[in-house]
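For reference, the structure discussed in these notes is given below.
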């Protein structure tokens, strides 16, 4: 997908989110994001319950690792994280929620 014609300057998350979704059109990419986010939630819960807080260091590896595999191998684009890290992180969790409630197919 060619990102050259897309708006890349945003003043709000509401402006950013449609762009974010356009960067996640491939169903397999979205599934990788979903799995990564679910594993992050599981790791947070496990770490808290077991008091093994050193495991929290793996959160970025799991979360971004799964997402980036989806982007580089299936979506064939560069993750929005590189240009918009905060909006992108927010977008990950909104998309995760939207997938959980069935608003976005996965």
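The values are calculated or read from the model by the stated rules, or taken from the named source; none is laboratory data. In this text the structure is predicted, and so the values were computed from the model without any measurement. Reconstructed Cβ throughout: ideal geometry from the backbone, glycine too, with neighbour counts over all protein chains shown.
How many of the residues in the range 67-77 are more than 11 Å from residue 33 (Cβ to Cβ) and touching a helix residue (DSSP H, G or I) at 6+ places or on another chain (Cβ under 7 Å)?
Looking only at that region, the number is 1.
Give the residue that is nearest to residue 96 (Cα to Cα), with candidates limited to residues of the range 26-36 that are assigned to a helix (DSSP H, G or I) and in contact with a helix residue (DSSP H, G or I) (Cβ under 6 Å, 6 or more places away or on another chain).
34
Starting from residues that are out of contact with any helix residue (DSSP H, G or I) (no Cβ under 7 Å at 6 or more places or on another chain) and at pLDDT below 95, keep the ones in the range 7-21 and report whichever is surrounded by the most Cβ atoms within 10 Å (Cβ to Cβ).
Among those that are out of contact with any helix residue (DSSP H, G or I) (no Cβ under 7 Å at 6 or more places or on another chain) and at pLDDT below 95, it is 8.
From the residues in the range 64-74 that are buried (at least 20 other Cβ atoms within 10 Å of the Cβ) and free of Cβ contacts under 8 Å to residues at least 40 places away in the same chain, which one is farthest from the chain's Cα centre (by Cα)? Walk me through it before giving the result.
Here is the first cut: in the range 64-74, the ones buried (at least 20 other Cβ atoms within 10 Å of the Cβ) are 66-67, 70-71.
Add one more test, that the residue is free of Cβ contacts under 8 Å to residues at least 40 places away in the same chain, and what stays is 66-67.
Details: 66: 9, 67: 6 Å.
Result: 66.
Give the range 94-105 a look and list any residue that's free of Cβ contacts under 8 Å to residues at least 60 places away in the same chain and outside any helix (DSSP H, G or I), or say none. Spell out how you get there, then give the answer.
Applying the first criterion (free of Cβ contacts under 8 Å to residues at least 60 places away in the same chain) to the range 94-105 yields 97-98, 100-103.
If the condition is that a residue be free of Cβ contacts under 8 Å to residues at least 60 places away in the same chain and outside any helix (DSSP H, G or I), then 101, 102, 103 are the ones that fit.
Taking the options 88, 50, name whichever one is farther than 16 Å from residue 27 by Cα, within 9 Å of the chain's Cα centre (by Cα) and at pLDDT 95 or above.
Sole residue among the options that is farther than 16 Å from residue 27 by Cα, within 9 Å of the chain's Cα centre (by Cα) and at pLDDT 95 or above: 88.
Look at the range 37-55 and say how many of its residues are at positive phi and either surrounded by 14 or more Cβ atoms within 10 Å (Cβ to Cβ) or part of a helix (DSSP H, G or I) (or both).
Summing the residues that are at positive phi and either surrounded by 14 or more Cβ atoms within 10 Å (Cβ to Cβ) or part of a helix (DSSP H, G or I) (or both) in the range 37-55 gives 0.
Go through the range 5-25 and give me each residue that's under 13 Å from the mean Cα position of the chain (by Cα), free of Cβ contacts under 8 Å to residues at least 60 places away in the same chain and either within 16 Å of residue 89 (Cβ to Cβ) or not in a helix (DSSP H, G or I) (or both).
Those that are under 13 Å from the mean Cα position of the chain (by Cα), free of Cβ contacts under 8 Å to residues at least 60 places away in the same chain and either within 16 Å of residue 89 (Cβ to Cβ) or not in a helix (DSSP H, G or I) (or both): 23, 25.
Picking from 58, 34, which residue would you name as being on the phi < 0 side of the Ramachandran plot, within 18 Å of the chain's Cα centre (by Cα) and touching a residue at least 60 places away in the same chain (Cβ under 8 Å)?
34
Filter the range 75-93 for residues that are in a helix (DSSP H, G or I) and either in contact with a strand residue (DSSP E or B) (Cβ under 8 Å, 6 or more places away or on another chain) or buried (at least 17 other Cβ atoms within 10 Å of the Cβ) (or both) and give the result.
75, 80, 81, 87, 88, 91, 92
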